Amino acid sequence: MTFSYTMISRVVFFILAFAIAFPFRMNYSFGPFNTLSFLDVAVIICIIFFIYSWLISAPILLGNMKLAFSIIFPILVAGISIFWAVNQNTSMSSFVKYIYNGLYYFISLNLAKNMSARKIGQIFSFLIIAWIFGSLAMYLDIPGFRYFIAEKIDLKKDELNDIIASYYLRLSHPYIGMSNDYGPILIFFGFLLLGIARYVNNFIFLIVAIFSICFSILTFSRGMILALIFVNIFSNRLFRVTFIKFLTTIAIAVLFSFLFYQTISNISIIHLEDRDRDLSSLFLERISNANIKSRFISSNEDFQLIMDRPFLGYGSGYNKLNSASHNFYIANWKYFGIILGTITSILFISVIIIAFNFQKKYSYSSVSVLYFSLGMGWMFLCLTVLSQTLIEATAPRTIIFYGLGTFAGMLHGLRQSACTPSINMRTLYPKVFS
């Protein structure tokens, strides 16, 4: 591998990290996308880089084959579902987004394969700090960090005002999304960074990781918080704390949330059109049982749709109703039918098993903590998507698979997956390169 190629790959890696940290988005149509963001530009640059890699016959890493299959299979199913889709345009657009997210996994996997754990820890710390300050910049109404809603979304005036107001109720990000999308990303990357902090024994990484997880509590997402509590009960090894200390941390987080609510309970700072939005009333509305009831109703309606077409589903991205069940697994059944939808969900969950199998395999090595943190982080996501929409939204899904690919690439670089296959174009096509 030439020095110039290594330098170019490093530059591309940092361009990608910058796009993930600051995913600015604008109302500019591009192919199947209604908007254009730094994420789109970055992936185009990465594709050009990998075409260059192919031309010079540089090895292209596939990573763990089971993990690669769990990424590729949903893309194939989404493509096939176009043939029986109720709305082929929607399914075609969704299929391209599946490809898009798969590309981010394999691109980040290859770009991170020569990176040290300390360097990846620095990148993840940078991302977390940039995201949190991006949220604060939005609340301070700093130009460039204001809420973003695509112009092509058909919303009534009152609906638009309610969405804008809800951005300010719970911790959100102007470009990643509202609390249901944003909070789980902070926790997932917090888990990954906790593992790196343990591995390289870096106190700063530990502080940033805890900082990320604590900030996610301000999203006031009940499903996410329950998933976090469930996962942390089994992750005391990662945190190196007793159960009493863990409960103390939860109590402090609850107290902090209560004080935050008390701060906003007597103020009304959201001025939209001809009326103000009372923050306390909107906050109570967002966390009320009405939301839970509406999701149960939506789930029942989705189950009825599934029973009407149980074998093939309605095609990727189909959504007949104004509100969805916010359940990733039900959505898979609705899109791909019971059989293919179940396989897709199982493959998503299988990342946990893959991570813990590697942890057991390398239990003699300090690298086992990295696999443990990946397994716990993915377990958290698998529980969170029972009641959240982050896997269905483009930006959060892209960021999640970027994190997975980067972490997997780092593990390969640590030479703990010595048998990981790669593709060399000179080997596959010897006549072309002879």
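The values are calculated or read from the model by the stated rules, or taken from the named source; none is laboratory data. Just so it is clear, the model here is predicted, and its values are computed rather than measured. FYI the Cβ positions are ideal-geometry reconstructions off the backbone, even for glycines, and counts take in every protein chain you see. When the accessible area is computed, the model is the full protein with side chains, heavy atoms only, and any ligands, DNA or RNA have been set aside. Shrake-Rupley method; radii C 1.70, N 1.55, O 1.52, S 1.80 Å.
Only helices (runs of 4 or more DSSP H) whose full extent lies in segment 324-420 are considered here, and the ones with at least 2 residues that are among the small types (Gly, Ala, Ser) and within 26 Å of Ile82 (Cα to Cα) are 328-361.
In this structure, is Ser94 in a loop (DSSP other than H, G, I, E, B) and in contact (Cβ under 8 Å) with a residue 12 or more places away in the chain? Reasoning before the result, please.
Numbers: in a loop (DSSP other than H, G, I, E, B): no; in contact (Cβ under 8 Å) with a residue 12 or more places away in the chain: yes.
When the stated conditions are applied, Ser94 does not pass them.
It is to be established whether one or more residues within segment 17-26 are out of contact with any strand residue (DSSP E or B) (no Cβ under 7 Å at 6 or more places or on another chain), at pLDDT below 85 and either open to solvent by 50 Å² or more (accessible area, probe 1.4 Å) or not basic (Lys, Arg) (or both). Before the answer, list the steps.
Going residue by residue through segment 17-26, those that are out of contact with any strand residue (DSSP E or B) (no Cβ under 7 Å at 6 or more places or on another chain) are 17-22.
Adding the requirement that they be at pLDDT below 85 leaves none.
So far as segment 17-26 goes, no, none of its residues is out of contact with any strand residue (DSSP E or B) (no Cβ under 7 Å at 6 or more places or on another chain), at pLDDT below 85 and either open to solvent by 50 Å² or more (accessible area, probe 1.4 Å) or not basic (Lys, Arg) (or both).
Selection of segment 375-402 for residues being β-branched (Val, Ile, Thr) and closer than 16 Å to Leu39 by Cα yields Thr394, Thr398, Ile399, Ile400. Using the structure shown, decide if Gly102 is open to solvent by less than 70 Å² (accessible area, probe 1.4 Å) and either more than 18 Å from the chain's Cα centre (by Cα) or of a type in the set (Phe, Trp, Tyr) (or both). Criteria not met by Gly102. Taking the criterion of being out of contact with any strand residue (DSSP E or B) (no Cβ under 6 Å at 6 or more places or on another chain), of a type in the set (Ser, Thr, Tyr) and outside any loop (DSSP other than H, G, I, E, B), the residues of segment 36-91 that qualify are Tyr52, Ser53, Ser70, Ser81, Thr90, Ser91.
Only residues in segment 176-198 that are within 12 Å of Cys214 (Cα to Cα) count as the first member; pair them with residues that are open to solvent by 10 Å² or more (accessible area, probe 1.4 Å) and of a type in the set (Lys, Arg), Cβ under 9 angstrom, at least 6 apart or cross-chain, and list the lot. Here the result reads Gly183/Arg170, each pair linking segment 176-198 to a residue that is open to solvent by 10 Å² or more (accessible area, probe 1.4 Å) and of a type in the set (Lys, Arg).
The single condition among (1) more than 19 Å from the chain's Cα centre (by Cα); (2) open to solvent by 20 Å² or more (accessible area, probe 1.4 Å); (3) of a type in the set (Ser, Thr, Tyr) that Ser368 does not meet is (2).
Here is a list: Phe211, Phe133, Phe126, Phe205. Which entry is crowded, with 20+ Cβ neighbours inside 10 Å and modelled with pLDDT of 75 or more?
It is Phe205.
Filter segment 400-425 for residues that are open to solvent by less than 40 Å² (accessible area, probe 1.4 Å), aliphatic (A, V, I, L, M) and at pLDDT below 50 and give the result. The one that is open to solvent by less than 40 Å² (accessible area, probe 1.4 Å), aliphatic (A, V, I, L, M) and at pLDDT below 50: Met425.
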